[in-house]
Amino acid sequence: MSELESQVPSTFDPFADANAEDSGAGTKQYVHVRVQQRNGRKSLTTVQGLKKDYSYNKILKDLKKEFCCNGTVVQDPELGQVIQLQGDQRKNVSSFLVQAGIVKKENIKLHGF
């Protein structure tokens, strides 16, 4: 058995260097704006990744008033607080967050469809 083990090459991890160093990639704090399909034509827009410093309820109130839609703040065990809005509001939400100065445009990720 020892002869066989000496012939098997050791495993090579190509990402070992990237994991060992704390590189700049992946350190940005992104805000993810997603759309989820409900039933039929109905959809749901979720916003996650906002800083904890902001009042989610005040942002939600402004979003609801601006886009004439309903919404809520949901507490998720993995993701923390998530804003949910009715309808496909991805472009509206991203432009609102940039104009309000909450997030820079390069830190917003749009997902879905």
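Each reported figure results from applying straightforward, stated rules to the coordinates on display, with no laboratory input. This structure is a prediction, so every number in the text was calculated from the model and none was measured. Positions of Cβ are generated from backbone atoms using ideal geometry, with glycine treated the same way; all protein chains shown enter the neighbour counts.
With the convex hull of its Cα atoms as the shape, region 42-103 has an orientation-averaged projected area of 4.1 nm². Each of Lys42 and Cys69 was given a label point 7 Å from its Cα along the Cα-to-Cβ line. The distance between the two points is 1.4 nm.
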